[in-house]
Each structure stands twice: as structure tokens, then as C-alpha cells.
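Written below as C-alpha cells is the structure these notes are about.
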Amino acid sequence: MPKNFEAGPVRVRAPATSANLGPGFDALGLALGLHDDVSAEIAPSGVRVTVSGEGAGELPTDDRHLVVRSMRATFDRLGGQPSGLAVECVNRIPQARGLGSSSAAIVAGVLLARALVVDGERRLDGAAVLRLAAELEGHPDNVAPCLLGGFTIAWTEPSGARAVTRPVAEGVRPTVFVPGGRGLTAVARAALPTVVPHGDAALSAGRAALLVHALTADPALLLPATLDRLHQDYRADGMPETAALVSELREAGVAAVVSGAGPAVLALSAPPEGFDAGRDWQVWRLPIDVSGARVTRGRLGHAERDPVAAGRKS
């Protein structure tokens, strides 16, 4: 074992996330109690990735895997690459649904690589991890809650991404509606205009500010606080079922938004008793993850290798 690497193995549990939360475009995010478990150790040579659960048989099992790419970027930042890697991924976060699967992979990769480098935590502190993860993802609104847990407000300065966390008020009850079909963030972003009317921008700014208050102090205001004019309407034609479900929930008094870039839907208040989203949607009531991604030593245990998401209720 080269002297600059730990023997390992190490493991990371990374939560799902929902970003934007309506008007908080590219800024607000929430960590949810649905997790991917990833372990890694230094190997004599080559790269070997095993994947179970979500994405098994579809995701690459070599250097192209996002966890490995994120590890490689982190090793470069810390001064050099190991001889080889063995990575095991147990995925429960649905792929390409707007629940932060890519952010979970990026955060897991950065934290795994840091933990496998001697003195890595001192050389790459928490603020630097957030900056690097946001660089790899392209924006900080998902990686921030994945890394820090809870409700986060993220922004980018010339030096890189920053974020703060705020406690979530009692009464915020996330419910996620997950469709069978997938979406792509790049396609959703391509639907956005380069400019928006000043009135729409002003409305969204005000509602984003109100949303911080509603989530942290007064959930009774979640419905008006989640009104958005920056991105959801522009993306509606590309995911009509998602737009229809958001409208139906909101008409029923539920603070519903597109989760991230979609096509999943996040409700921040409980749907009415007996509400039926239809057979094309899985419905999961998830707790808020207040801890964020966590690193421990050792291989994945039996419970962590179970690809069924504990805590899901439908």
C-alpha cells in the first residue's frame, strides 16, 4: 500500500435530494431519507465497480462510473491516483427522476476518495468538498443538502459554492411521487428561456424568501410560498404528466412542486386522505435526512447491501 493512501475499505451513505423547491431555482434544496450506500478500497490495479439496485445492468462498471470519476477528480486535487480501485454501489435513489442520484454519486465519490488519502480530511475540508462537488455537478443546489443534510440555501461566489443549513419546522411532511419514465436535466434546462419577464422574476424572488420562512417557521404558508414563475411552466410541455399532477395537488391545497428538474413531484404538505395519483406513480412518504452524507470505515454490511429502500411507504 503506497504510504499516501489508507488501506480501506471505507463507505459512504448519501441521501436523495430535491432541489429548487418551486421558486428557489438553483438555490434551495432538501435532503430526504432515501439513501445510496457506496464503499471503496484501493486495489492492486484496474477499476472494478459493482452496482445493485437502481441502475444495475445499465450504469458503467469502469472508470466511466460517476462515483469513480468523482473519486479521480478528488485524488487529483489531493496529489495523485491510487494503483487501482474496487467500488461497490447499492443504489436506492431512482436514476434521472429529479431526486439527486448524480449528486449522491458525486458526493459519495469525493468523500470516499478523501477518506482513502492519508490526512485527506485536513487537506480537503468540508468547504472544499462542497466546492469540488458543485464543480463536478455544475451547480450546488443538490450537492449541498446531500453533503450537509436538512434544508440548505446554496449560492456561488468567485471562489466557488457555499451553503448554509436551516432547521425545518415541525409539520413539513415530504411525499415524493415517482413516475416510471425518466427525465434528463440537460433537456429540462434547454427548455428554459434566456430571459424572463421582470414581474415573474420579482414574484419568484418574493416567494423564495417566503419559502425559507415557511419551511423553517410556518408550514401553513407552504402553498403560496411554493408558487414559481422561473422554471416549472417552461418545462411543462416536456413532462405533461408531471405538470398535471403538480396542478392537481395544488388545486387540492397541497404545496407541490417539480422535484429538481423532474419528472418526480415533491409535496411538502400531506396529500388529502385517499388522494390517488394514478397507477403510473409510486408514492413514497420520506423523512427529512438531517445528517447528510456520512463516512464510516469498513465494508458494506448485510443491511446496507439490501437494495430495497427502508422507510418507503406507499
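The values are calculated or read from the model by the stated rules, or taken from the named source; none is laboratory data. Treat the numbers as computed from the prediction; the structure is a model and nothing was measured. Neighbour counts are summed over all protein chains in view; Cβ atoms, including those assigned to glycine, are modelled from backbone coordinates with ideal geometry. The accessibility values were calculated without ligands, DNA or RNA, using every heavy atom of the protein model including side chains. Shrake-Rupley method; radii C 1.70, N 1.55, O 1.52, S 1.80 Å.
Rg/Rh for the range 88-165: what does it come to with C-alpha atoms and Rh from Kirkwood?
Values: Rg = 12.5 Å, Rh = 12.9 Å.
Radius of gyration relative to Kirkwood radius: 0.97.
How high is the FRET efficiency from A205 to R297, r the C-beta distance, R0 51 Å, rounded to 0.05? Before the final figure, lay out the partial values.
Values: r = 45 Å, r/R0 = 0.88.
About 0.70, to the nearest 0.05.
Tell me the Kirkwood hydrodynamic radius of the chain in angstroms, computed as one over the mean inverse distance between distinct C-alpha pairs.
Numbers: mean 1/r = 0.0507 Å⁻¹.
It is 19.7 Å.
How much length is gained if the chain between E170 and F275 is pulled fully straight, taking 0.36 nm per residue apart and subtracting their Cα-Cα distance, in nm to one decimal? Write out the running numbers ahead of the final one.
On the way: separation 105, 0.36 × 105 = 37.80 nm, distance 2.25 nm.
Full extension of this stretch gives 35.6 nm more.
With +1 assigned to the C-beta of every Lys and Arg and -1 to the C-beta of every Asp and Glu, and no other charges, what is the dipole magnitude of the chain about the Cα centre in debye, to the nearest 20?
Once rounded to the nearest 20, the dipole reads 680 debye.
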| Residues of the range 1-88: accessible area per residue at 1.4 Å, in Å²? | 37
| Among S291, S45, S204, residue whose mean-square fluctuation peaks in a GNM of the chain (springs only between Cα atoms under 10 Å) | S45
| query | What are the ³J(HN,Hα) values, in whole Hz, obtained from phi via the Karplus relation 6.51 cos²θ - 1.76 cosθ + 1.60 with θ = phi - 60°, for each residue of the range 280-291 in sequence order, with x given for Gly and Pro? | reply | 7, 10, 8, 10, 10, 8, 10, x, 7, 7, 9, 9
| task | Select from Y234, S259, L249 the residue farthest towards the positive end of the dipole of the range 234-310; place +1 on Cβ of Lys and Arg, -1 on Cβ of Asp and Glu, and compute about the Cα centre. | result | S259
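Can you give the direction-averaged projected area of the convex hull of the alpha-carbon atoms in the range 1-110, in nm²?
Working: hull surface 28.6 nm².
So the Cα hull casts an average projection of 7.2 nm².
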| said: Report the Cα-based extents of the range 1-52 along its three principal axes, largest first, to the nearest Å. | reply: 49, 26, 18
| task | Could you check which residue among L192, L136, L66 shows the biggest mean-square fluctuation in a GNM of the chain with a 10 Å Cα cutoff? | result | L192
| task | Just check the range 163-259 against the gyration tensor rule for me: Cα atoms, a ≥ b ≥ c as the square roots of the eigenvalues, rounded for a/c under 1.5, and otherwise prolate or oblate depending on whether a/b exceeds b/c. | result | oblate
| If you average 1/r over every pair of different alpha-carbon atoms in the range 73-210 and take one over that average, what Kirkwood value in Å do you get? | 17.5
| message | Tell me the net charge near A144. Cut-off is 12 Å between Cβ atoms, A144 excluded, with +1 for each Lys or Arg and -1 for each Asp or Glu. | response | 0
| request: Tell me which residues come under 5 Å, amide H to amide H, from D36 once H is placed; ignore anything under 5 positions away on its chain. | output: A14, A16, R92, I93
| Between V118 and residues 5 or more places away or on another chain, which pairs have amide H atoms under 5 Å apart, with H built 1.01 Å from N, and which residues are they? | F5, E6
| Size of charge dipole - the range 159-314 - debye, nearest 20, with Cβ of Lys, Arg +1 and Asp, Glu -1, no other charges | 760
| query | What does the charge add up to near T17, with Lys and Arg as +1, Asp and Glu as -1, over the other residues with Cβ less than 10 Å from its Cβ? | reply | -2
| said: Could you compute how much accessible surface R114 exposes when probed at 1.4 Å, giving the result in Å² to the nearest 10? | reply: 40
| remark: accessible surface per residue for the range 165-249, probe 1.4 Å, DNA/RNA/ligands not counted, whole Å² -> 52
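Carbon-plus-sulfur fraction of the accessible area of the chain, 1.4 Å probe, in percent? Display every interim value, and only then the final one.
Working: 7100 of 13680 Å².
Taking all protein chains in place, the chain shows 52 percent carbon and sulfur surface.
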